[in-house]
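Step one of this worksheet: look at the structure below.
The values are calculated or read from the model by the stated rules, or taken from the named source; none is laboratory data. Model, not experiment: these values are computed from the prediction. Using ideal geometry, Cβ is built from the backbone for each residue, glycine included, and neighbour counts are taken over all protein chains shown. Heavy atoms of the whole protein, side chains included, go into the accessibility calculation; ligands, DNA and RNA do not. Shrake-Rupley method; radii C 1.70, N 1.55, O 1.52, S 1.80 Å.
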Amino acid sequence: MKVVIVGGTGLIGSKLVTKLREHGHEAVPASPDTGVNTLTGQGLADVLQGASVVVDVSNSPSFEEKAVMDFFTISTRNILKDAAAAGVTHYVALSVVGTERIPDSPYLRAKNAQETLIKRGGIPYSIVHATQFFEFVKRIADEATVGTTVRVPPVLFQPMAAEDVAQAVGAVAMGSPVNGIVEVAGPQQFRFDELIRQGLAAYNDPREVVADPHARYFGAELAERSLIPADDARLGEIRFEEWLNQSVRMAAAGTGR
Ligand SMILES: NC(=O)c1ccc[n+]([C@@H]2O[C@H](COP(=O)([O-])OP(=O)(O)OC[C@H]3O[C@@H](n4cnc5c(N)ncnc54)[C@H](OP(=O)(O)O)[C@@H]3O)[C@@H](O)[C@H]2O)c1
């Protein structure tokens, strides 16, 4: 089966390409790196020829309000148009748990607009809602830093490893379209501030992490359960401590985080 992975060179996309190939599928990454640009449409119709499934795990290079909205809406319209013309029968996209209940975040507003286009796009679809990736913790801390203090709200937080995200997206892509949302999350729940503190400490990062109920997360105030999935979410296997230990070891060995 030919599966085109839009964003197949990214964090999730590259893992997904490997997994699908291991299962014998023709997994084709599509991104600017491979000559496909979903914003301009360059190379898109060609790469989708003969594909049964398209999986969109791309991300906007900029999180600025207009740039991110343009990225997800223009790209999605282009992918829908060319996927329909190519006869694609399953449109899979990766989005974020809680997208619909955090409208104050420009990034999540753009993800919500992406989802609305897919739902109305006419191709059978599955949208995977994942929680925050462990790999994203440092970026979250950087975003929430003023001086040497990181302020995050002490709400519930259930992040997951990129490896588990790719596994879940692959399983959904190989199944029948659900024409709805599948939620995936990590195996443990934390308080947001606790996890960030633990993550920074493991890297001997001296920043102080302060629990502040009004601290904004990418522009939005959060409620206790804004970032966590419903009880029937599929859970990944990799625990945070396990991932963190490995990540610290790899950084010490100079092979990256
Ligand atoms: N971070 C989180 O905690 C989190 C949580 C839940 C869901 N998600 C979702 O997960 C998805 C994937 O995130 P990620 O961290 O794997 O992304 P990433 O590593 O930043 O990769 C982004 C990918 O998008 C591609 N891309 C950028 N501009 C493009 C364009 N104009 N046309 C086609 N492809 C383009 C990039 O291609 P090049 O390499 O060629 O530039 C790259 O392959 C995102 O949609 C995000 O919303 C993230």
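Quick notes on this one:
- Scanning region 35-60 for residues that are touching a strand residue (DSSP E or B) at 6+ places or on another chain (Cβ under 8 Å), more than 7 Å from the ligand (Cβ to nearest atom) and hydroxyl-bearing (Ser, Thr, Tyr) turns up just one, Ser52.
- Residues of region 91-114 satisfying the condition of being part of a strand (DSSP E or B) and within 11 Å of the ligand (Cβ to nearest atom): Ala93, Leu94, Ser95, Val96
- Search result, residues across region 95-112 that are hydrophobic (A, V, I, L, M, F, W, C), open to solvent by less than 20 Å² (accessible area, probe 1.4 Å) and touching a helix residue (DSSP H, G or I) at 6+ places or on another chain (Cβ under 9 Å): Ile102, Leu108, Ala110
- Pairs with Cβ under 8 Å, 6+ apart, first in region 1-26 and over 22 Å from Asp82 (Cα atoms), second within 14 Å of the ligand (Cβ to nearest atom) and open to solvent by 70 Å² or more (accessible area, probe 1.4 Å): Lys15/Glu163; Lys19/Gln167
- Of the criteria (1) over 16 Å from Tyr217 (Cβ atoms); (2) surrounded by fewer than 15 Cβ atoms within 10 Å (Cβ to Cβ), which one Ser60 fails: (2)
- Filtered by the rule that a residue be within 26 Å of Phe136 (Cβ to Cβ), within 13 Å of the ligand (Cβ to nearest atom) and of a type in the set (D, E, K, R), region 61-90 gives a lone residue, Asp70.
- Whichever residue in region 1-26 is open to solvent by 30 Å² or more (accessible area, probe 1.4 Å) and in contact with a strand residue (DSSP E or B) (Cβ under 6 Å, 6 or more places away or on another chain) and, among such residues, is nearest to the ligand (Cβ to nearest atom): Thr9
- Evaluation of His129 against (1) more than 12 Å from the ligand (Cβ to nearest atom); (2) over 22 Å from Asp212 (Cα atoms) (one fails), failing number: (1)
- Qualifying residue in region 245-257 (condition: modelled with pLDDT under 95, β-branched (Val, Ile, Thr) and farther than 24 Å from Arg109 by Cα): yes
- Residues in region 227-239 that are of a type outside the set (D, E, K, R) and under 17 Å from Ala166 (Cβ atoms): Ala233, Leu235, Gly236, Ile238.
- Conditions (1) touching a Gly at 6+ places or on another chain (Cβ under 8 Å); (2) in a helix (DSSP H, G or I); number of the one not met by Glu242: (1)
- Residue in region 198-206 that is closer than 30 Å to Thr116 by Cα and of a type outside the set (A, V, I, L, M) present: no
- Exactly one residue among Asn78, Asn59 is within 19 Å of Arg109 (Cβ to Cβ) and in contact (Cβ under 8 Å) with a residue 40 or more places away in the chain, and that residue is Asn59.
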